[in-house]
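Working notes, structure below.
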Amino acid sequence: MLDVHAPHVSIQGWRDFLLHILAITIGLFIAVSLESSVGWLHRRHLVHAAEVNLLSEIQANADALKEVAADVHDEQEALSRDVSTLNEIIKTHKTPPNASMQINFHLKALDNLSWKTAQSTNALSLMSYDRAKEYAAIYSLQEAFDTAEKQAGRDAILSLAPFLNLDKDAVISPTDADAIKRQIEILQGQLLLLDSTISALDREYKKFLSAEAG
């Protein structure tokens, strides 16, 4: 808020009037310059804080993604063994000795709080276009990862469903084995998509973090 006050002494002649106008002009210029500087410093601080938080969040997500990738690969191997067991049941009508089924899928959400905060505080709009585009590319892939992971989780639940009400020593019939195998194959397909998304996201993380480190 800028306040302009009337002079405390009477103005006598054009010279005093012009000097007073000049003083007001200089005062307004200084006030506007200070206000602009404060606004610029505030915006600069806002962007800096957002970038620090985003860098920290992306680094944490990149570290977490390694564990997610390992879990997905372990699950893919386990499902391959499950399918082999089910194929044996379908073929021989007998459960192989010491056979076991394993479907273990864990959801691991990646953080996006700093990204949402940067959007809600308008810090993102104060960044350069290229910088904002970098962040948007990363978090767009994170969203794709989140969607693929949730679908894989649902497919895992559907694959487990036939086992929920079976007795411990129940024998799986060839017909049931075929139905279970189809559900597991759907999960396998979804895990392929998830694994591909993880690889793409990992490349984006590495490219960004390498540029920051350099």
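Miscellaneous remarks
- Scanning the range 54-79 for residues that are under 27 Å from the mean Cα position of the chain (by Cα) and surrounded by 18 or more Cβ atoms within 10 Å (Cβ to Cβ) gives LEU54, GLU57, ILE58, ASN61, ALA62, LEU65, VAL68, VAL72, GLU75.
- Per the listing ASP195, ASP155, ASP202, the residue uniquely closer than 23 Å to ALA78 by Cβ, crowded, with 16+ Cβ neighbours inside 10 Å and in contact with a Lys or Arg (Cβ under 9 Å, 6 or more places away or on another chain) is ASP202.
- Test: ASN87 is out of contact with any strand residue (DSSP E or B) (no Cβ under 7 Å at 6 or more places or on another chain), surrounded by 13 or more Cβ atoms within 10 Å (Cβ to Cβ), touching a residue at least 40 places away in the same chain (Cβ under 8 Å) and closer than 30 Å to ARG44 by Cα: no
- Qualifying residues in the range 175-192 (those that are over 31 Å from the mean Cα position of the chain (by Cα) and not polar (S, T, N, Q)) - the one farthest from LEU79 (Cα to Cα): ASP176
- Some residue of the range 80-98 being among the acidic types (Asp, Glu), under 24 Å from the mean Cα position of the chain (by Cα) and at pLDDT 80 or above: no
- Taking the numbered list (1) aliphatic (A, V, I, L, M); (2) assigned to a helix (DSSP H, G or I); (3) surrounded by 14 or more Cβ atoms within 10 Å (Cβ to Cβ) in turn, ILE172 passes all entries but (2).
- Residue in the range 46-60 that is of a type in the set (Val, Ile, Thr), closer than 21 Å to TYR135 by Cβ, at pLDDT 95 or above and part of a helix (DSSP H, G or I) present: yes
- Each residue in the range 114-161 was checked for being under 11 Å from the mean Cα position of the chain (by Cα), hydrophobic (A, V, I, L, M, F, W, C) and more than 17 Å from SER199 (Cβ to Cβ), and 2 of them qualify.
The values are calculated or read from the model by the stated rules, or taken from the named source; none is laboratory data. Small disclaimer: the values here were computed from a predicted structure and weren't measured. Here the Cβ is made from the backbone with ideal geometry for all residues, glycine too, and neighbour counts use every protein chain on show.
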